[in-house]
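**Q** Supplied in structure tokens, the structure appears directly below.
The values are calculated or read from the model by the stated rules, or taken from the named source; none is laboratory data. Treat the numbers as computed from the prediction; the structure is a model and nothing was measured. Reconstructed Cβ throughout: ideal geometry from the backbone, glycine too, with neighbour counts over all protein chains shown. Heavy atoms of the whole protein, side chains included, go into the accessibility calculation; ligands, DNA and RNA do not. Shrake-Rupley method; radii C 1.70, N 1.55, O 1.52, S 1.80 Å.
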Amino acid sequence: EVRVSRISEHRWHGSQLSFRVHWEDKDITWQSKSSIARCTALDEYLSACGVGDTAELVKPAGKRPAVNKRRRRK
């Protein structure tokens, strides 16, 4: 069994949250929140982010709608 060494970042895909996990065997993978929910490294990551729960993690700003740049003829 390989253990989690640390978690270095998170990302959102819509409403799905995943974490970049560094394993003790030097492998790095993205894992879902549910697969590492009871991991000490997750608690440490949340503390380093200054939050108490994964729901408080920053979500990226949404894409702005495209602006129609057509000009009106006079």
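**Q** Name the one entry in ARG6, ARG20 that is part of a strand (DSSP E or B), open to solvent by 60 Å² or more (accessible area, probe 1.4 Å) and closer than 16 Å to VAL58 by Cβ. I'd like the intermediate steps shown before the answer.
**A** Values: ARG6 fails: closer than 16 Å to VAL58 by Cβ.
It is ARG20.
**Q** Output the residues belonging to region 23-44 that are open to solvent by 70 Å² or more (accessible area, probe 1.4 Å) and part of a loop (DSSP other than H, G, I, E, B).
**A** GLU24, ASP25, LYS26, ASP27, ARG38
**Q** Looking at region 45-57, which of its residues are modelled with pLDDT under 95, open to solvent by 70 Å² or more (accessible area, probe 1.4 Å) and aliphatic (A, V, I, L, M)?
**A** Across region 45-57, the qualifying residue is only ALA55.
**Q** Next question. Within the set of pairs 6+ apart or on separate chains, which have a first residue in region 23-43 that is in contact (Cβ under 8 Å) with a residue 24 or more places away in the chain, a second that is in a helix (DSSP H, G or I) and of a type in the set (Ser, Thr, Tyr), and C-beta atoms under 8 Å apart?
**A** Qualifying pairs under 8 Å: LEU42/THR54.
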